[in-house]
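The block underneath contains the structure these notes are about, expressed in structure tokens.
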Amino acid sequence: MAEQQNQQSQKGAVRRFLQSIAVPLGAVALALLIGAIIIELSGASAWEAYVALAKGAFGSAEGWRRTLEKTTPLIFSGLAVAFAFKAGLFNIGAQGQLLFGAITAAWVGFAVHGLPPGLHAALALIAGTIAGGLFGAIPGALKTYTGAHEVITTIMLNYIAMGFTDYLANGPLKDRSPGNIIARTPEILPSAKLPTWGWLPFGFILAVLAAVFAWWVLQRTTLGFEIRTVGQNPHAARYAGMKVARTVILTMVISAAFAGIGGAVETQGVVGRYEPGFNANLGFDGITVALLGKTNPFGVIPAAMLLGAMRAGSNVMQFDAHVAQEITDVVQALMLFFVAADQIVRWLLRIRAEEGEKITLSTGWGSQ
């Protein structure tokens with residue numbers, strides 16, 4: 001009897017897992033299908049386009065390196081959005097938090113001298129993480145003490161971050177080397193750069209470890225239990241004696257810290273300096289990654305890998321199949337649409353929504 005119950009429990013777990021990934025996979029399939037139709041209507045071959053896309057992303061060691069480099073900041077920004085979701089918060093400010101992390105890491109990378117390579121790189125990473133986290137504390141505090149909704153405040157703070165980092169890159173922190181006329185910081189010192197081993201960037205390893213850390217915090221710590229409880233019912237959490245205000249602010253700090261380290265990794269592992277515009281939309285794409293990953297830290301990794309592969313292979317698709325690079329943006333937007341409007345996917349695949357499966361994007365206006 002006990003063995004039968006155990007088998008039924010295992011079958012039920014497998015069924016729930018398959019149902020949980022059916023909607024994201026269905027969203028991807030529908031987006032690729034509609035993208036194929038658009039490609040055919042443009043006069044190109046959809047089959048050749050997708051083969052070229054896969055070839056550019058995974059067809060060589062260089063392709064794998066580019067894919068993992070594109071994937072890494074998407075994992076961090078996806079974790080930033082997904083972590084905040086667990087507390088019922090919609091962090092749209094990952095872009096600004098990422099920019100602060102990127103420029104802070106750049107400043108530590110070129111301004112601090114005399115440190116050994118490992119220590120210098122770690123110091124720049126920590127500085128970028130802290131900068132992002134502190135910037136994320138602002139919307140958390142505003143929501144807690146004034147009732148200002150985090151969607152509005154994080155959007156506004158994105159513009160502040162963009163303007164302020166542009167000012168720094170074109171003013172106090174501008175590269176003053178002869179011949180430079182564009183807004184950017186000096187190149188970071190070699191001791192602050194993150195290594196790449198063959199096709200494997202060190203930043204990607206950090207991103208996977210960050211996903212493990214996020215899962216551990218949410219599922220294995222008291223703080224994680226409080227975060228999930230506040231996300232499900234802040235009033236019940238307050239009645240149970242939990243400090244909701246502290247939890248909201250701390251959640252936003254940790255969420256923003258993920259975005260901050262993502263910006264630092266991009267500076268130290270890819271660009272080598274801070275340059276306005278290079279990190280465009282990385283934070284915003286974290287929303288797509290988080291939704292595709294069902295706001296699960298481990299689900300964020302394959303979701304980011306998918307988008308990273310599309311970005312890495314888009315150039316090859318453009319040259320080999322004569323398809324506009326913007327098609328990948330269209331497909332990505334379609335993925336977000338179908339994940340957000342999951343009832344369409346469920347209706348097509350005949351999937352019934354499980355109790356408690358729906359993602360809560362945000363608490364109500366002015367609620368805590």
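Below is a table of values for the structure above.
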{"read-out": "Residue pairs meeting the criteria (Cβ under 7 Å; at least 6 apart or on separate chains; first farther than 15 Å from residue 319 by Cβ, in region 53-66; second hydroxyl-bearing (Ser, Thr, Tyr) and buried (at least 16 other Cβ atoms within 10 Å of the Cβ))", "value": "58/67; 65/196"}
{"read-out": "Near pairs, Cβ below 6 angstrom, 6+ apart or cross-chain, from region 120-140 (free of Cβ contacts under 8 Å to residues at least 12 places away in the same chain) to any residue that is of a type in the set (Gly, Ala, Ser)", "value": "none"}
{"read-out": "Pairs where the first residue, in region 234-256, is touching a residue at least 60 places away in the same chain (Cβ under 8 Å) and the second is part of a loop (DSSP other than H, G, I, E, B), C-beta under 6 Å, 6+ apart", "value": "234/368; 244/368; 251/87; 255/91"}
{"read-out": "Region 176-202 residues that are modelled with pLDDT of 90 or more, paired with ones that are of a type in the set (Gly, Ala, Ser) and assigned to a loop (DSSP other than H, G, I, E, B) (beta carbon under 7 Å, 6 or more apart)", "value": "186/177; 187/272; 188/272; 193/272"}
{"read-out": "Filter result (surrounded by 15 or more Cβ atoms within 10 Å (Cβ to Cβ), outside any loop (DSSP other than H, G, I, E, B) and more than 22 Å from the chain's Cα centre (by Cα)) within region 144-163", "value": "144"}
{"read-out": "Any chance residue 330 is within 19 Å of residue 36 (Cα to Cα) and of a type in the set (A, V, I, L, M, F, W, C)", "value": "yes"}
{"read-out": "Residue within region 103-115 that is of a type outside the set (Gly, Ala, Ser), under 14 Å from residue 291 (Cα atoms), touching a Gly at 6+ places or on another chain (Cβ under 7 Å) and surrounded by 22 or more Cβ atoms within 10 Å (Cβ to Cβ) present", "value": "no"}
{"read-out": "Unmet criterion (only one of (1) in a helix (DSSP H, G or I); (2) at pLDDT below 95; (3) within 22 Å of the chain's Cα centre (by Cα)) for residue 259", "value": "(2)"}
{"read-out": "Test for residue 313: is it more than 25 Å from residue 37 (Cβ to Cβ) and either modelled with pLDDT of 80 or more or of a type in the set (Gly, Ala, Ser) (or both)", "value": "no"}
{"read-out": "Boolean, residue 306 is under 12 Å from the mean Cα position of the chain (by Cα) and of a type in the set (A, V, I, L, M, F, W, C)", "value": "no"}
{"read-out": "Some residue of region 361-368 being farther than 18 Å from residue 232 by Cα and either modelled with pLDDT of 55 or more or among the aliphatic types (A, V, I, L, M) (or both)", "value": "no"}
{"read-out": "Any hit, region 66-73, residues being surrounded by 18 or more Cβ atoms within 10 Å (Cβ to Cβ), touching a strand residue (DSSP E or B) at 6+ places or on another chain (Cβ under 6 Å), closer than 24 Å to residue 304 by Cβ and not charged (D, E, K, R)", "value": "yes"}
{"read-out": "Residue satisfying condition, being closer than 22 Å to residue 160 by Cα and over 17 Å from the mean Cα position of the chain (by Cα), within set 126, 92, 103", "value": "103"}
{"read-out": "Residue in region 262-275 that is surrounded by the fewest Cβ atoms within 10 Å (Cβ to Cβ), counting only those that are in a loop (DSSP other than H, G, I, E, B) and touching a helix residue (DSSP H, G or I) at 6+ places or on another chain (Cβ under 8 Å)", "value": "275"}
{"read-out": "Residue match in region 33-47 (condition: in a helix (DSSP H, G or I), touching a strand residue (DSSP E or B) at 6+ places or on another chain (Cβ under 9 Å) and charged (D, E, K, R))", "value": "no"}
{"read-out": "Odd one out for residue 278 among (1) closer than 30 Å to residue 123 by Cβ; (2) free of Cβ contacts under 8 Å to residues at least 40 places away in the same chain; (3) assigned to a helix (DSSP H, G or I)", "value": "(3)"}
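Each row is one residue, and each column tells you yes or no for (1) surrounded by fewer than 16 Cβ atoms within 10 Å (Cβ to Cβ); (2) in a helix (DSSP H, G or I); (3) touching a Gly at 6+ places or on another chain (Cβ under 8 Å).
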{"residue": "174", "(1), (2), (3)": "no, no, no"}
{"residue": "179", "(1), (2), (3)": "yes, no, no"}
{"residue": "183", "(1), (2), (3)": "no, no, no"}
{"residue": "191", "(1), (2), (3)": "no, yes, no"}
{"residue": "223", "(1), (2), (3)": "yes, yes, no"}
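The values are calculated or read from the model by the stated rules, or taken from the named source; none is laboratory data. Bear in mind that the values here come from a model prediction, so they are computed numbers and not experimental data. Using ideal geometry, Cβ is built from the backbone for each residue, glycine included, and neighbour counts are taken over all protein chains shown.
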